[in-house]
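Student: Attaching a single structure in structure tokens format; questions to follow.
Please treat every number below as a calculation from the coordinates, not as lab data. Note that the structure is a prediction, hence the values are computed from the model and not measured. In this analysis, Cβ positions are derived from the backbone assuming ideal geometry, glycine residues included, and neighbour counts consider all displayed protein chains.
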Amino acid sequence: MSQGYRVAILGATGAVGTELLQILEERHFPIAELRLLASPRSAGQTLTFAGETLTIQEATPTAFHGLDIVLASAGGSTSKALAEAIVAAGAVMIDNSSAFRMDPTVPLVVPEVNPEAAAHHQGIIANPNCTTILMAIALWPLQQRHPIRRIVVSTYQSASGAGARAMAEVQEQSRAILAGQPAVAEVLPYPLAFNLFPHNSPLTESGYCEEELKMLNESRKIFGLPDLKLTATCVRVPVLRAHSEAINIEFTEPFSVAEAREAIAAAPGARLLEDWDRNYFPMPIEASGEDDVLVGRIRQDLSEPNALELWICGDQIRKGAALNAVQIAELLVDRQWLRSPALTH
């Protein structure tokens, strides 16, 4: 680490934090200094980056001095508590929590969809919700050809969306059930192994949970379509990693399946995966560890001539969180939208 930018990972020991570390190394992000920040209980632990052993520091308001970029994935309360200190230090916080997503002064960015929004940041850029990011990658190339009128989406969300401890809990529950023992739920509200349940984010007066409303409100903001009609049903399923979504899209006019396939096959961040002879389409086991959102089973809605159906799978920890954040950082660097110059030696 001798030339580049001064970067911190806030929440370095979590599932997304460790993935951020890996992706920064994989993509050769230009780093002059890397600080790993976490809670007091994690301070003093070490992680490895590019062959170097780095010691985790406590995330305090004074820990951000001299930084260019802070990749934050420590939860909404931590982001809110430290945002002022990060911005005051001259850094840009790319925040993976929901704390600032709907703030009208904070850009909500998927680089393949609305990169220009990042230019208008005031020190904070929000990373969208994982299910929203994956859906946006698949639908934006279609929206560019024929305007979308309404979206009906059902999600099949893996344990990874609830963090590393939830993933470990599902594995332990599976071992217990196979051994004839009861499955104990401590991280998630109910046993997830060999089970599924509606997403456990708080319910609202509308009857929708917060996760479902995130998909509505965030999609409107990212696409720049304040009147976009969208209804979502979010479900937690016994998959370790990678989310899946069944999406029905109604357009303002007919949209041929062939044109839709062509648009998605050419779209950045998406990979068309279909083999109709084998009944082979995207699966979370194949999306895990992949950067692209896998899209397939594109078909005409038999009940509505202006609608298409499709199925997607995407890695929630990568494109649904860490990769999108790093891509935003790359965007800031490439277009010189940072708040301070790079540190070079």
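Student: Pick from 206, 244, 73: which is most flexible by mean-square fluctuation in a GNM of the chain where alpha carbon atoms under 10 Å apart are linked?
Tutor: Comparing 206, 244, 73 in the GNM, the peak value goes to 206.
Student: Among the aspartates and glutamates, which fall within straight-line cross-link reach of residue 319, defined as a Cα-Cα distance under 13 Å, with same-chain neighbours fewer than 8 residues apart omitted?
Tutor: Residue 319 reaches 19, 112, 290, 291, 292.
Student: Also, I was wondering about something else. Using the Cα centre of the chain as the reference point, and only Cβ charges (+1 on K/R, -1 on D/E), how large is the resulting charge dipole? Debye, rounded to the nearest 20. Please list the in-between numbers first.
Tutor: Working: 26 positive and 39 negative charges, 84 e Å.
It comes to approximately 400 debye.
Student: In deg cm²/dmol, rounded to 500, what helix-only [θ] at 222 nm does the chain give when every DSSP H run of at least 4 residues adds -39500 (n - 2.57) and the total is split over its residues? It would help to have the intermediate numbers written out before the result.
Tutor: Values: 8 runs with 93 residues, N = 345.
Value at 222 nm, helices only: -8500 deg cm²/dmol.
Student: If you compute Cα extents along the principal axes in Å for the structure shown, which of (i) 53, 42, 41; (ii) 64, 44, 33; (iii) 60, 54, 42 do you land on?
Tutor: Answer by label: (iii).
Student: If you build a Gaussian network model of the chain, linking Cα atoms that sit under 10 Å apart, which residue out of 75, 296, 123 swings the most?
Tutor: Judging by the Gaussian network model, the answer is 75.
Student: Assign unit charges at the C-beta atoms only (+1 for Lys and Arg, -1 for Asp and Glu), then state the dipole size of segment 1-143 relative to its Cα centre in Debye, rounded to the nearest 20.
Tutor: Values: 6 positive and 12 negative charges, 47 e Å.
With only Lys, Arg, Asp and Glu charged at Cβ, the dipole is about 220 debye.
Student: Over 16 Å apart: what share of the alpha carbon pairs of segment 1-99 falls there, rounded to a whole percent?
Tutor: Working: 2424 of 4851 pairs.
The answer is 50 percent, as a whole percent.
Student: Angle, helix 15-26 long axis vs. longest principal axis of the chain, Cα atoms, 0 to 90°, nearest 10?
Tutor: Approximately 80 degrees, to the nearest ten.
Student: Next up: Please express the shape of segment 70-173 as an equivalent ellipsoid: the semi-axes are the square roots of 5 times the eigenvalues of the C-alpha gyration tensor, given largest first in whole angstrom. Kindly include the intermediate steps, with their values, before the conclusion.
Tutor: Details: eigenvalues 127, 115, 18 Å².
Each semi-axis is √(5λ); the values are 25, 24, 9 Å.
Student: Hey, if you put +1 on the Cβ of every Lys and Arg and -1 on every Asp and Glu Cβ in the chain, which of 222, 285, 97 ends up farthest toward the positive end of that dipole?
Tutor: 97
Student: For the chain, set up a GNM with springs between Cα atoms under 10 Å and report which of 111, 284, 254 has the largest fluctuation.
Tutor: Of 111, 284, 254, the most mobile in the Gaussian network model is 254.
Student: Would you work out which of 132, 72, 256 lies farthest towards the positive end of the dipole of the chain? Charges go on Cβ: Lys and Arg +1, Asp and Glu -1.
Tutor: Projecting each Cα onto the dipole axis, the largest value belongs to 72.
Student: Further question: What's the longest bit of the chain with no exposed trypsin sites (Lys or Arg not before Pro), using DSSP loop states and at most 11 other Cβ atoms within 10 Å as the test? It would help to have the intermediate numbers written out before the result.
Tutor: Working: sites that count: 41, 278.
Longest site-free region, per DSSP loop and neighbour criteria: 42-277.
Student: Within straight cross-link reach of residue 229, meaning Cα distance under 20 Å, which lysines are found once same-chain residues fewer than 8 apart are removed?
Tutor: Counting by Cα, and skipping residues close in sequence, residue 229 has these lysines nearby: 214, 221.
Student: Counting only DSSP beta bridges with both residues in the chain, what percent are antiparallel, rounded to the nearest 5?
Tutor: Working: 31 of 62 bridges.
DSSP beta bridges in the chain are roughly 50 percent antiparallel.
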